[in-house]
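The structure appears below as structure tokens.
The values are calculated or read from the model by the stated rules, or taken from the named source; none is laboratory data. Predicted model, so just to flag it, every value in this text is computed and none were measured. Heads up, the Cβs are rebuilt from the backbone with ideal geometry, glycines too, and the neighbour counts pull from every protein chain shown. Surface areas here come from the heavy atoms of the whole protein model, side chains and all, with no ligands, DNA or RNA. Shrake-Rupley method; radii C 1.70, N 1.55, O 1.52, S 1.80 Å.
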Amino acid sequence: MKKLSKIDHLKIYSNMLKIRRFEERSSQLYGMGHIGGFCHLYIGQEAVVVGVLMTIKKNDSVVTTYRDHGHMIARGLDVKRIMSELTGRANGYSAGKGGSMHMFSKENNFYGGHGIVGAQVPIGTGIAFTHKYNSDKNICRTYIGDGAMNNGQVFEAFNLAALWKLPSLYIIENNKYGMGTSVDRAAAGSDLYKRGEAFGIKGEIVDGMNVYSVIKAANKAGEYVRSGKGPYILEVQTYRYRGHSMSDPAKYRTKAELEKYKNSDPIEVVKNEIIKKKIASNKELEKIGKEIIEEVKSAADFALESNFPENKELYTDVYL
Amino acid sequence: MTIEILMPALSPTMTEGNLTKWLVSEGQEVKAGDIIAEIETDKATMEVEAVDEGFVEKLLFKEGDVNIPVNKPIALISGEQKTKSKNIKDEIELGEKQESKEIKELNQSQDQQVKEDVIIDNEHISMREAIRDTIAEEMRKDKKVFILGEEVAEYQGAYKVTQGLLEEFGEKRVIDTPISEQGFTGLAVGAAFKGLTPIVEFMTFNFSMQAIDQIINSAAKTLYMSGGQINCPIVFRGPNGAASQVAAQHSQDFSSWYSHVPGLKVLAPSTPLNAKGLLRAAIRDPNPVIFLENEILYGLKGEVSYDDDFTIPFG
């Protein structure tokens with residue numbers, strides 16, 4: 001694997017920070033009533049998607065869950081149009097008709113944003129099937145929450161992917177809770193990635209609070225999948241600082257547990273590495289931080305000034 | 001005592017069968033459990049075992065005879081050997097002489113019936129052939145089209161609709177799946193999002209209930225929820241509706257269910273002609289289409305169009 005350049009380190013830092021600032025702004029806009037419906041924040045999990053995306057090739061595909069804002073941002077998509085989608089505006093990525101949970105960008109091979117827990121797993125497997133069918137050497141990364149790992153269709157998809165040796169990389173984002181139910185109370189046995197072993201799918205646990213561990217594991221797993229050996233599973237151990245959704249006070253866990261994870265904050269890990277390696281100074285990082293706040297703020301302004309879809313749009317895009 | 005061996009019904013929808021091969025000859029002794037013939041049904045070629053014991057007195061149909069109605073006598077078995085002669089030719093001649101007048105008449109009328117059926121076959125094709133031909137024609141034209149489902153490839157289709165497709169198109173495009181409806185339906189939806197044109201065969205539409213979340217929440221709604229970016233060109237097809245004597249789980253009509261879902265188009269062909277026109281239009285349609293075939297109509301013969309661009313517009 002290629003050594004990370006100084007630019008890579010700074011890109012990682014700013015992408016992770018952008019996700020966090022974006023989510024904080026989303027939280028504020030939700031509180032103000034500008035974002036309706038459901039809204040699931042990615043704060044605490046930033047190292048997962050940013051790390052994986054450092055290893056992706058341009059024409060690889062991605063499918064993820066409804067906790068998708070961070071995935072869009074890390075993919076390099078326009079934060080203005082993401083915020084427009086969250087606030088239901090016509091210039092959002094899904095024309096204001098998908099909202100927080102259902103964002104897509106076909107031109108960037110980003111296939112959602114899926115609201116039904118587990119349903120994205122056969123879909124991602126089908127996109128991987130297409131890469132193989134077309135012999136194009138690309139792979140599909142399918143993200144799975146720990147909650148979905150108890151959903152039957154996930155295992156049907158694993159079986160098909162292993163049976164047909166599909167170029168499918170499954171990334172379990174184990175943030176410890178499926179809504180309010182801890183993994184321990186939902187999943188029998190330990191280590192979710194081991195559920196792939198029944199199908200002969202290799203996998204491993206990755207420290208999702210450390211972006212460098214994620215990059216290393218995702219790179220290795222990606223190469224394995226791209227080489228035609230079939231699927232692979234990464235179980236990335238992470239933590240969401242906020243509740244499941246905006247309306248969740250997260251009373252099912254202790255403050256001490258939350259503090260423990262905050263003390264190993266994934267953005268601080270990157271910051272410390274950058275300072276240690278003298279890639280940038282504290283002051284320079286602060287400047288990056290300020291620019292990101294401005295960028296996110298202007299995205300929010302852009303969104304709030306944008307138009308809502310017209311009523312007639314209720315009847316469009318039902319059929320092509 | 002003479003026992004009639006009848007054309008057996010080897011599937012719930014079989015109304016007639018073809019006599020592919022006799023494994024016994026006249027005069028031969030048969031024991032219960034012996035395989036006496038191969039019969040081609042509407043779904044497969046099956047071996048027929050003798051249930052009674054005795055000597056084959058008369059084979060009433062020749063190998064290759066087609067469209068023999070279920071329950072029509074195809075052979076006669078006698079409890080006793082009619083002749084001690086070791087010369088089979090003599091036996092047959094003797095047997096023929098002993099044949100009753102009724103059997104002769106029966107034979108003549110059956111021959112006449114077979115001739116008539118053969119003539120009809122030359123002009124018309126069955127519903128299942130019309131569906132198969134259309135799939136094959138579209139697969140020849142467009143490499144993005146592929147078919148997957150339970151038993152569609154090696155078994156040649158549970159209802160023989162996909163007969164011959166594996167041989168022509170290979171295992172990359174004619175794909176046997178495990179019994180895993182939610183998994184392979186979701187997989188096909190993902191493939192359609194990514195630009196392929198899957199034809200998903202449900203062995204019967206009853207089993208589509210296992211996959212209904214993927215059909216409705218994924219296939220039907222994603223175009224809308226993606227603001228028109230991601231369409232789902234897919235055909236879900238298979239037998240639907242009333243079937244014969246299979247109880248409530250295997251005998252139901254989904255046309256009304258699926259017709260209530262915005263984003264889906266629902267078709268139910270009634271003749272081989274409109275099966276061809278509608279299925280071709282369905283495969284070429286950029287939206288998800290539910291194509292409901294009637295199990296009881298699979299054997300229905302009718303005229304078809306041989307224009308491989310023939311489509312029937314929806315609505």
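Before moving on, here are some points about what is shown:
- Nonlocal amide H pairs with B:Lys58, under 5 Å, H built at 1.01 Å: B:Leu76
- Complex-versus-alone comparison for the range B:197-223, residues with a loss of 30 Å² or more in accessible area, probe 1.4 Å: B:Asp213, B:Gln214, B:Leu223
- Whole-percent carbon and sulfur share, accessible surface of chain A, 1.4 Å: 51
- Listed by chain and number, the lysines placed with their C-alpha closer than 20 angstrom to that of A:Lys255 are A:Lys176; residues fewer than eight positions away on the same chain are left out.
- Sorted largest first, extent of the range A:6-303 alpha carbons per principal axis (Å): 50, 44, 42
- Pairs of Cα atoms farther than 22 Å apart, the range A:218-320, %: 69
- Its alpha carbons considered, the range A:1-133 gives a radius of gyration followed by a Dmax of 14.9, 47 Å.
- Pairwise centroid distance, computed over Cα atoms, of the range B:217-290 with the range B:133-189, Å: 17
- For chain B, carbon and sulfur atoms together expose 50% of the accessible surface, with a 1.4 angstrom probe and every protein chain in place.
- Chains A and B together bury roughly 3400 Å² of accessible surface, counting both sides and using a 1.4 Å probe on protein heavy atoms.
- Residues with amide H under 5 Å from that of B:Ser270, placed H, sequence gap 5 or more: B:Ala275
- Accessible surface, per residue, of the range A:6-303 when the full set of protein chains is kept, probe 1.4 Å, Å²: 38
- Put simply, the range B:128-214 fits an ellipsoid with semi-axes of 19, 16, 11 Å; these come from the alpha carbon gyration tensor as the roots of five times its eigenvalues, largest first.
- Estimated vicinal HN-Hα couplings, Hz - the range B:180-196 in sequence order (Karplus 6.51, -1.76, 1.60; Gly, Pro = x): 7, 4, 5, x, 6, 5, x, 4, 5, 4, x, 5, 5, 4, 8, x, 8
- Here each label is just a point 7 Å from Cα along the line to Cβ, and for B:Lys143 and A:Ala256 those points are 6.3 nm apart.
- Under 28 Å of direct C-alpha separation, and excluding same-chain neighbours fewer than eight residues apart, B:Lys301 reaches these lysines: B:Lys21, B:Lys43, B:Lys62, B:Lys72, B:Lys115, B:Lys141, B:Lys160, B:Lys265, B:Lys276.
- Of A:Lys11/A:Lys216; A:Lys97/B:Lys172; A:Lys202/B:Lys143; A:Lys2/A:Lys278; A:Lys6/A:Lys260, those spanning more than 28 Å from alpha-carbon to alpha-carbon: A:Lys97/B:Lys172; A:Lys202/B:Lys143; A:Lys6/A:Lys260
- Dmax and Rg, reported as Rg then Dmax, of the range A:45-114 (C-alpha, Å): 11.2, 32
- In the range A:291-320, the residues that give up 20 Å² or more of accessible area when the other protein chains are added, compared with the chain on its own (1.4 Å probe), are A:Leu314, A:Asp317, A:Val318, A:Tyr319, A:Leu320.
- Loop chymotrypsin sites (Phe, Trp or Tyr not before Pro), the range A:203-261, which have at most 14 other Cβ atoms in a 10 Å radius of their Cβ (DSSP): A:Tyr252
- 3J(HN,Hα) along the range A:28-41, derived from phi through the Karplus expression 6.51 cos²θ - 1.76 cosθ + 1.60 where θ = phi - 60°, amounts to 5, 5, 5, x, 8, x, 7, 10, x, x, 8, 8, 10, 8 Hz, with x in place of Gly and Pro.
- Percent of Cα pairs in the range B:140-281 per distance bin of 10 Å, from zero to the largest separation: 11, 40, 39, 9, 0.
- Every helix of 4 or more DSSP H residues in chain A counts as -39500 (n - 2.57), and over all residues that averages to -13000 deg cm²/dmol at 222 nm.
- Whole-Å distance, taken between Cα centres, linking the range B:1-49 and the range A:44-98: 63
- Taking the range A:6-303 and dividing mean pair separation by its residue count, relative contact order in percent (alpha carbons under 8 Å, at least six apart): 23
- What the Cα atoms of the protein assembly as shown give is an Rg and a Dmax of 31.7, 114 Å.
- Taking amide hydrogens as placed 1.01 Å from N in the peptide plane, the amide H of B:Ile36 sits under 5 Å from those of B:Val48, B:Glu49, B:Ala50, each at least 5 positions away in sequence or on another chain.
- Secondary structure note: in the range A:6-303, about 10% of the DSSP beta bridges are antiparallel.
- Rounded to whole Hz, the Karplus (6.51, -1.76, 1.60) HN-Hα couplings of the range B:274-281, x for glycine and proline: 7, 4, 5, x, 6, 5, 4, 5
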